[in-house]
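Engineer: Below: one structure in C-alpha cells.
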C-alpha cells in the first residue's frame, strides 16, 4: 500500500473510533512510520491501541497466496517474497504466530488486545 493509502485508511479508522466504535486497520505496516502513525491516531482519539504483528515463514505465506481464489488482496507471490526480504525494523507490537490455526490465533490476539 502506498503512503497515501495508509494515511487515508488511518484517517478513516480515526473517524470510526470518534463515533464510539472499534476500528481494525488491517495492513502490512512494514514501515515503522506507518506503525507509528496508526498508534498516534489511536492516542489522539483517546482510545486503546493493540498492535498485532502476524508472523509466518515466507514459504507458508507463498503457499497461502498460491492457494487463494477470489481474494480481494492484490498481493501475489512476487510481492510476498519482496515483503519477506524487506527489513521492517524493530517491531514493538504483540507478535502472533500466523502459522497456527485460526482458533489459536484468535485466542492469542484476544489475550493481547484485552
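Engineer: Any residue in the range 83-101 that is assigned by TED's automatic domain parsing to the domain that holds residue 27 sitting within a Cβ distance under 9 Å of a residue that is surrounded by 11 or more Cβ atoms within 10 Å (Cβ to Cβ)? List the pairs, counting only those 6 or more apart or interchain.
Structural biologist: No pair meets every condition.
Engineer: While we're looking at this one, here's another question. Mind listing whichever residues of the range 1-32 are in contact with a helix residue (DSSP H, G or I) (Cβ under 8 Å, 6 or more places away or on another chain) and assigned to a helix (DSSP H, G or I)?
Structural biologist: Passing the criteria: 3, 6, 7, 10, 11, 13, 14, 17, 18.
Engineer: If you go through the range 90-100, how many residues are under 14 Å from residue 39 (Cβ atoms) and surrounded by fewer than 13 Cβ atoms within 10 Å (Cβ to Cβ)?
Structural biologist: Of the residues in that region, 2 qualify.
Engineer: Now a separate question. Against the definition (without any contact (Cβ under 8 Å) to a residue 40 or more places away in the chain, surrounded by fewer than 17 Cβ atoms within 10 Å (Cβ to Cβ) and closer than 17 Å to residue 91 by Cα), how does residue 36 come out, yes or no?
Structural biologist: Here the answer is yes, as residue 36 does meet what is asked.
Engineer: Do the conditions hold for residue 62, that is, is it surrounded by 12 or more Cβ atoms within 10 Å (Cβ to Cβ), assigned by TED's automatic domain parsing to the domain that holds residue 113 and either touching a helix residue (DSSP H, G or I) at 6+ places or on another chain (Cβ under 8 Å) or modelled with pLDDT under 90 (or both)?
Structural biologist: For residue 62, the condition - surrounded by 12 or more Cβ atoms within 10 Å (Cβ to Cβ), assigned by TED's automatic domain parsing to the domain that holds residue 113 and either touching a helix residue (DSSP H, G or I) at 6+ places or on another chain (Cβ under 8 Å) or modelled with pLDDT under 90 (or both) - is met.
The values are calculated or read from the model by the stated rules, or taken from the named source; none is laboratory data. Everything quoted here is computed from the prediction, not taken from an experiment. Note that we place each Cβ from the backbone using ideal geometry, even for glycine, and neighbour counts take in every protein chain shown.
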